[in-house]
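> This is the structure, below, for whatever I ask next.
Where a number appears in this text, it was derived from the coordinates with a stated rule and is not lab data. All figures in this text were calculated on a predicted structure; none of them were measured in a lab. Because the Cβ atoms are built from the backbone with ideal geometry, glycine has one as well, and the counts that use them run over all protein chains shown.
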Amino acid sequence: MARTPSIMLELGTQAPTFELIEPASGNNISLAQYIDKPVLIAFISNHCPYVINIKEALVNFANEYQAKGLQLIAINANDIENYPDDSPEKMVEDVKQYGYSFPYLFDESQATAKAYQAACTPDFFMFDAEHKLYYRGQFDDSRPGNNEPVTGKDMKLAADALLARQTPPTEQKASLGCNIKWKAGNEPEYFS
């Protein structure tokens, strides 16, 4: 588990399109299904301690903010050959265990993670209704073992500002988590 920060993609960047399988339903989900809707793309995994630390709070955040109009899509891009705990079967178990109210998609090729310049789990990308990047940063200050409460403070501030049509928060701290588990030879150029 390499402790890795987000890349902090430039605000205003257009969301890359994607269509990925949702193991829990067997359906393909695409960003195009969320046209004219603000959306939070969260790169997560099943086994990462940084993600496990915030999972329940992330589900609560999703339930609260989906009702307000912010959609959430979670994506797992980890190499399942070397990290079988992130397999689609385990993803379905995760959805059931935590009661995800949002799609949890599998990026087997890792192309979507690369397009977003995702670096870690969790890595968050919040887009406005035109799918321009509005916020990319941490959920809050909590990390495994640092005794900070999991509040979702940073994400809530950004979501509230977005939904109120305000300018993006000026302070956006990088998320921090486990590195995405890239397949051998598939490491993105933005890490070199």
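> Would you mind working out the magnitude of the charge dipole of segment 19-154 relative to its Cα centre, with +1 at each Lys and Arg C-beta and -1 at each Asp and Glu C-beta, to the nearest 20 Debye?
The dipole of segment 19-154 has a size of about 340 debye.
> Now a separate question. Whose amide H sits under 5 Å from the amide H of Leu105, counting only residues 5 or more places off or on another chain, with H placed in the peptide plane?
The list, which skips near neighbours in sequence, is Ala74, Ile75, Asn76.
> Could you pull out every residue, at least 5 positions away or on a different chain, whose amide H is within less than 5 Å of the one on Phe127? Hs are placed 1.01 Å off N in the peptide plane, and Pro or chain starts have none.
When sequence neighbours closer than 5 places are left aside, the close amide H contacts are Val39, Leu40, Ile41, Tyr134.
> Could you work out the equivalent-ellipsoid semi-axes for the chain, taking the square root of 5 times each eigenvalue of the Cα gyration tensor, largest first, in whole Å?
The three semi-axes for the chain are 22, 18, 18 Å.
> Quick one: longest stretch of the chain between exposed loop GluC sites (Glu not before Pro), exposed meaning at most 13 other C-beta atoms within 10 Å and loop per DSSP?
11-80
> Follow-up question, since we're still on this one. Determine, from the Cβ-Cβ distance of Thr170 and Glu130 and an R0 of 22 Å, the FRET efficiency 1/(1 + (r/R0)^6), rounded to the nearest 0.05.
0.60
> When Thr112, Thr13 are ordered from fewest to most other Cβ atoms inside 10 Å of their Cβ, what list results?
Going from least to most buried by this count: Thr13, Thr112.
> Per DSSP helix of 4 or more residues, -39500 (n - 2.57); summed, then divided by the residues of the chain. What does that give at 222 nm, rounded to the nearest 500?
After summing the helix terms and dividing by the residues of the chain, the value is -7500 deg cm²/dmol.
> OK, next. Any lysines with Cα under 21 Å of the Lys114 Cα? List them, leaving off those in the same chain fewer than 8 positions away.
Lys132, Lys173, Lys181, Lys183
> Can you give me the long-range amide H partners of Ile180? Hydrogens built in the peptide plane at 1.01 Å from N, cutoff under 5 Å, separation of 5 or more residues or another chain.
The list, which skips near neighbours in sequence, is Cys120, Thr121.
> Take the alpha-carbon centre of segment 145-160, take the same for segment 112-139, and report the distance between them in whole Å.
Computed from Cα coordinates, the inter-centre distance equals 16 Å.
> Which percent, nearest 5, of DSSP beta bridges in the chain are antiparallel?
Expressed as a percentage, antiparallel bridges in the chain total about 70.
> Label 7 Å along Cα→Cβ of Glu81; segment 104-127 residues with amide nitrogen under 14 Å?
108-110
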